[in-house]
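A short write-up of the structure that comes next.
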Amino acid sequence: SVYNGWLYSLRPLCQTMPSGAPQFMQSEEWQDKELNTALASWTQLRHDFILYGKQTYVPAPWAWGPGLIEPVPDTFERLASLCDQARDVLSLHQMLPWGHASALQSLAARLRLWEGYARKVANGGWLDPEEQDDIHRVGIWLLGFFQDGHGIAEKSPLLVADVASDSLYRRVLHEGTGPFNPMVVIYTPPDGEAIAGIGYVFSHYEFIETGWNRLNDAEWEARLVDNPPTRPPWAS
């Protein structure tokens, strides 16, 4: 299923980084970051299997300086295969609008391009200037992806999903995602001069509501502003 395929795509994030990956990615802190990403993506997956409205979120379009891509090629490859699977099955049953079919095809091609970049980094390599320029323009590509007639609307990263109910104590377990958090890392490009780079990481929340209370996205967004739940220590 698409659900299981999504989980399968996330599994490489929770495995040991390849030995050729940059040193800062070999740390326990990076493993925590990967776990946070996997949990937040799983939260989005659960959310997409229930019906809530979503709001618009516009990505920052540009970056510069020597950049990196995460050395998890299996995640990129599996997501690309998942796009192909969804497109092929839904098209076979004539259930996929043209815009969505075109978007899935475009996304799969881009993911396979990133898979190649990720394998290069995983083997200890560095992206060449053309590849650097490509990943710097990912924000611009995303803007075009959602505007160039695919018929796909951009969605907010702020969402919540109720994932389990405790009938004994009238409690409901929720998973939520919040704003992207900036992450700064120190790394050394081929010229040997260490620099600081910035990237953005999912924020993930897990919390319990009592009295059968179930939050929707609008209520969750308001709570994130006024009184967000405490995140687990490893997430900090």
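The values are calculated or read from the model by the stated rules, or taken from the named source; none is laboratory data. This structure is a prediction, so every number in the text was calculated from the model and none was measured. Please note: Cβ atoms are built from the backbone with ideal geometry, for glycine as well, and neighbour counts cover all protein chains shown. Areas reflect the complete protein model, heavy atoms only, side chains present, ligands, DNA and RNA absent. Shrake-Rupley method; radii C 1.70, N 1.55, O 1.52, S 1.80 Å.
General observations
- Counting protein heavy atoms only, the chain has 56 percent of its accessible area on carbon and sulfur, 1.4 angstrom probe.
- Computed [θ] at 222 nm, helices only, for the chain once each DSSP H run of length n ≥ 4 contributes -39500 (n - 2.57): -14000 deg cm²/dmol
- Three-way shape call for the chain based on the alpha-carbon gyration tensor, with the a/c threshold at 1.5: oblate
- Full extension of the chain between Val89 and Trp234 gives 48.2 nm of extra length, using 0.36 nm per residue less the Cα-Cα distance.
- Most mobile listed residue (Ala101, Ala118, Ala161) in the chain, GNM with C-alpha springs under 10 Å: Ala101
- Computed with a 1.4 Å probe over protein heavy atoms only, the accessible surface of the chain comes to 57 Å² per residue.
- Shape of the stretch 60-110, Cα gyration tensor, a/c cut at 1.5: oblate
- When only the Cβ of Lys, Arg, Asp and Glu is charged (+1, +1, -1, -1), the dipole of the chain relative to its Cα centre reaches about 560 debye.
- With at most 16 other Cβ atoms within 10 Å, longest stretch of the chain clear of loop chymotrypsin sites (Phe, Trp or Tyr not before Pro) (DSSP): 65-125
- Using a Förster distance of 35 Å, the FRET efficiency for Asn181-Trp212 (Cβ separation, nearest 0.05): 0.65
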